[in-house]
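Chemist: Please read through the structure below; I'll follow up with questions.
The values are calculated or read from the model by the stated rules, or taken from the named source; none is laboratory data. No experiment lies behind these values; they were computed from the predicted model shown. Cβ coordinates were reconstructed from backbone atoms using ideal geometry, including for glycine residues, and neighbour counts include every protein chain displayed.
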Amino acid sequence: MIWLTWRQLRAQAITGSAALAAFAILLAATGPHLVSLYAGSEIIGCHGATCANAASVFLSRLATSGPYPIVYTVGVGIILAAPAFIGLFCGAPLIARELETRTFALAWTQSMSRTRWLAVKLALTGLAAMAVTETLTLMYAWWADPISKAIGLGGSASMFDQGPLGLPSFATHGITPLGYAAFAFALGTAAGALTRRVVPAMALTLAVFAAVQVAMPLWVRPHLVPPHRMTATIESAALNFGSLTATVVPGQPGAWLLSSEAINGAGQPVSTLPAACQGPPSLKPPDPGQCMENRGFREAITYQPASRYWPFQWIETAIFLALALALARYCFWRLGRRRT
């Protein structure tokens, strides 16, 4: 059974191994120089508030020179796409191809039971898919470690401006890619058991997985743990005066900014810059931040602190692993009801 499973999935295995090797070569070729740039930056030996400025300078240099923005983007894309490809090309055909071509009849009429047949296929293919995904994640985490350290110090620059809890950093580091891979694989397998056709199973897998990956960071993850709230000064929140929203969480490097709004001295929200702080069109307007602070305006901020990174990682991974187990249970139930 193990040999048969390998024969059926060897094309996917060879493709995945080739992609893994190519990705490793790319990271190995650029990683050491990235480490040397970090070691030679002003971050080394910095103290207090100067670290955030030094980190921003380092990230700005990376964003405008060398291959690092390209490698960063390619790495993010590969890790985000890997679970989807696993679900499409490993999960969806696992049962659907057997049912569509009726090759299941041979296996199920031998001494091996349906339960054992499916258990071997799920275990071997699922574990291999999870191992490949986590290997990609660990290699990328090694390469991006200098960037992650700089962001953790409060640095930001164009594309390198997301904290550990934001996108795409959270979804491409830690253990959550393991959960995504397990869920995508089980989803594809369950879709194949449901539709009994490979192409419809692939379409269903892609649609559901994409919807879940959008819903999780937008509507679920922010509320896995009750967020923190604070009231900050206009200047410390680095206000965007167009929308009156904060761009940073004061005193919380790497925090995930969920929402913010300006409030007046009475605690009421305001959505536009006060007329007194705009200045007449013919004259130079006053400093809007200082003007708002002089009139008692503040910024109300809702955020998740960076210290919750690993609790969020464990919670989200557990959610996706639980969904994967539920989908695997459905596959066993579905095949148990099918007549040969």
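Chemist: Here are the criteria: (1) aromatic (Phe, Trp, Tyr); (2) touching a Ser or Thr at 6+ places or on another chain (Cβ under 9 Å); (3) within 29 Å of His33 (Cα to Cα). Tell me which single one Trp142 does not satisfy.
Modeler: Single failed check for Trp142: (2).
Residue by residue, here is whether (1) exposed (fewer than 15 other Cβ atoms within 10 Å of the Cβ); (2) within 30 Å of Tyr68 (Cα to Cα); (3) at pLDDT below 90 holds:
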| site | (1), (2), (3) |
| --- | --- |
| Leu106 | yes, no, yes |
| Met112 | yes, no, yes |
| Leu124 | no, no, yes |
| Glu134 | no, yes, no |
| Tyr140 | no, yes, no |
| Pro146 | no, yes, no |
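Chemist: Would you say Ala237 is outside the structural domain of Gln213 (by TED's automatic domain parsing), assigned to a loop (DSSP other than H, G, I, E, B), within 30 Å of Gly155 (Cβ to Cβ) and in contact (Cβ under 8 Å) with a residue 40 or more places away in the chain?
Modeler: yes
Chemist: Just for the stretch 152-185: of the residues that are within 16 Å of the chain's Cα centre (by Cα), aliphatic (A, V, I, L, M) and farther than 30 Å from Leu118 by Cα, which one is surrounded by the fewest Cβ atoms within 10 Å (Cβ to Cβ)?
Modeler: Leu167
Chemist: Identify, please: which residue in the stretch 295-314 is surrounded by fewer than 16 Cβ atoms within 10 Å (Cβ to Cβ) and over 14 Å from the mean Cα position of the chain (by Cα) and is, among those, farthest from Val249 (Cα to Cα)?
Modeler: In this case the residue turns out to be Arg295.
Chemist: Restrict the check to the stretch 17-37 and report whether at least one residue is exposed (fewer than 15 other Cβ atoms within 10 Å of the Cβ) and modelled with pLDDT under 90.
Modeler: Yes, the stretch 17-37 contains a residue that is exposed (fewer than 15 other Cβ atoms within 10 Å of the Cβ) and modelled with pLDDT under 90.
Chemist: In the stretch 151-193, how many are under 30 Å from Arg102 (Cβ atoms) and small (Gly, Ala, Ser)?
Modeler: So the answer is 9.
Chemist: Another one. Can you find, within the stretch 244-264, the residue that is farthest from the chain's Cα centre (by Cα) among those that are modelled with pLDDT of 90 or more and surrounded by fewer than 19 Cβ atoms within 10 Å (Cβ to Cβ)?
Modeler: Selected residue: Asn264.
Chemist: Could you count how many residues in the stretch 39-55 are touching a helix residue (DSSP H, G or I) at 6+ places or on another chain (Cβ under 8 Å) and not β-branched (Val, Ile, Thr)?
Modeler: Within the stretch 39-55, residues that are touching a helix residue (DSSP H, G or I) at 6+ places or on another chain (Cβ under 8 Å) and not β-branched (Val, Ile, Thr) number 4.
Chemist: With the structure loaded, tell me whether Gly75 is surrounded by 22 or more Cβ atoms within 10 Å (Cβ to Cβ) and among the small types (Gly, Ala, Ser) or whether it fails that test.
Modeler: Judged against the criteria, Gly75 is a match.
Chemist: Mind listing just one residue for me: the one in the stretch 162-177 that is of a type in the set (S, T, N, Q) and in contact with a Phe, Trp or Tyr (Cβ under 8 Å, 6 or more places away or on another chain) and, of those, modelled with the highest pLDDT?
Modeler: Per the stated criteria, the residue is Thr176.
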